[in-house]
Amino acid sequence: MTGQPLLDECRASGECPSIQNIPSWADYMKLLTPSIEHLPAYVAALQMGWSPDNLRAEAAQEQIASIEKDAASFVSNLDDPTAKAGPIILPDGSKVPRLPSIRRWIWDDEFCGHISFRWMPGTEELPPTCSGHIGYAVVPWRQREGLASAALVAILPEAKAVGLSHVTITTSPQNPSSVRVIEKAGGMLIRTFTADSALGGHEKLEFRVLLGS
């Protein structure tokens, strides 16, 4: 899946009113399904200190250990629309059932980060221990290039394909960069709330991105 056609489609449809703010050169970003072929680049990012979990820095070392143990299973479990990979570990160490999810690697000549989409079949609702439908993390050396906003727009058709009318995305009010990422992709602020205690109990902003008819 490439970024260019999906970004062009969103621009043409008018479903993402702020998409014009995404730099045009970000169109060349691709979303790749995780694969053994590109795993070395992913591992290199982990070894350089990037964490795929914004709330758990230790996730990087955990994933390196999992890859060393069974790389094929690790890659297979990243893209998990049937939730077969077992429970999710929350920041407080507790475990909750995994939701159906897909993960894509953000690629622009190199591994740039990842973006994930999770959902509950048949509803836009999510359990309180799930911080939004979409999460993303860009490696530090490729931030501020418009890649996160471009990836966010590019993954929206996946949400529409499972029947959602909108997605929710959350971030911290102390993270203006993330707020800009969401707003550039058409996110509208819905509310300020306190996250579940298992997620740290911090103040959060909830945005909604409409997916159109």
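The values are calculated or read from the model by the stated rules, or taken from the named source; none is laboratory data. As the structure is a computational prediction, the values presented were derived from the model and not from experiment. Here the Cβ is made from the backbone with ideal geometry for all residues, glycine too, and neighbour counts use every protein chain on show.
Given the conditions (1) assigned to a helix (DSSP H, G or I); (2) at pLDDT below 90; (3) over 20 Å from Gly135 (Cβ atoms), and given that Pro40 satisfies all but one, which numbered condition is not satisfied?
Failed condition: (2).
Here is a yes/no grid of residues against (1) within 29 Å of Asp196 (Cα to Cα); (2) buried (at least 16 other Cβ atoms within 10 Å of the Cβ); (3) of a type in the set (Phe, Trp, Tyr):
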position: Ala44; (1), (2), (3): no, no, no
position: Phe74; (1), (2), (3): yes, yes, yes
position: Cys112; (1), (2), (3): no, yes, no
position: Glu124; (1), (2), (3): yes, yes, no
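Go through the residues of segment 48-61 one by one and say whether even a single one is at pLDDT 95 or above and over 29 Å from Phe207 (Cα atoms).
For segment 48-61, residues at pLDDT 95 or above and over 29 Å from Phe207 (Cα atoms): absent.
Pick out the one residue from Ala154, Ala150 that is closer than 28 Å to His202 by Cα, touching a residue at least 24 places away in the same chain (Cβ under 8 Å) and either buried (at least 18 other Cβ atoms within 10 Å of the Cβ) or among the acidic types (Asp, Glu) (or both). Can you show your working first?
Working: Ala154 fails: closer than 28 Å to His202 by Cα.
Answer to the check: Ala150.
Take Ile134 and tell me if it is of a type in the set (Val, Ile, Thr), crowded, with 17+ Cβ neighbours inside 10 Å, at pLDDT 95 or above and in contact with a helix residue (DSSP H, G or I) (Cβ under 8 Å, 6 or more places away or on another chain). Talk me through it step by step, then tell me what you get.
Numbers: of a type in the set (Val, Ile, Thr): yes; crowded, with 17+ Cβ neighbours inside 10 Å: yes; at pLDDT 95 or above: yes; in contact with a helix residue (DSSP H, G or I) (Cβ under 8 Å, 6 or more places away or on another chain): yes.
Yes.
Among the residues of segment 98-127, write down those that are touching a residue at least 24 places away in the same chain (Cβ under 8 Å), within 18 Å of Leu31 (Cβ to Cβ) and among the small types (Gly, Ala, Ser).
Residue satisfying the conditions is Gly113 alone.
Has segment 76-84 got any residue that is free of Cβ contacts under 8 Å to residues at least 60 places away in the same chain and at positive phi? Step through it out loud before you land on a result.
Initial filter on segment 76-84 (free of Cβ contacts under 8 Å to residues at least 60 places away in the same chain): 76-84.
Pick out the ones that are also at positive phi and you get 83.
Yes; the residues of segment 76-84 include at least one that is free of Cβ contacts under 8 Å to residues at least 60 places away in the same chain and at positive phi.
Find the residue count for segment 187-213, including only residues that are at pLDDT 90 or above and among the small types (Gly, Ala, Ser).
Residues in segment 187-213 being at pLDDT 90 or above and among the small types (Gly, Ala, Ser): 1 in total.
Applying the selection to segment 53-90, what residues are in contact with a helix residue (DSSP H, G or I) (Cβ under 6 Å, 6 or more places away or on another chain), in a loop (DSSP other than H, G, I, E, B) and closer than 22 Å to Glu110 by Cβ?
Correct list: Asp53 only.
Can you tell me which residue within segment 54-72, out of those that are within 17 Å of the chain's Cα centre (by Cα) and among the hydrophobic types (A, V, I, L, M, F, W, C), is surrounded by the fewest Cβ atoms within 10 Å (Cβ to Cβ)?
By that ranking, first place goes to Ala57.
Can you tell which of Gly212, Gly186, Gly201 is within 28 Å of Ala161 (Cβ to Cβ), part of a loop (DSSP other than H, G, I, E, B) and in contact with a strand residue (DSSP E or B) (Cβ under 8 Å, 6 or more places away or on another chain)? Steps first, answer last, please.
Values: Gly212 fails: in contact with a strand residue (DSSP E or B) (Cβ under 8 Å, 6 or more places away or on another chain); Gly201 fails: within 28 Å of Ala161 (Cβ to Cβ).
When all the criteria are applied, what remains is Gly186.
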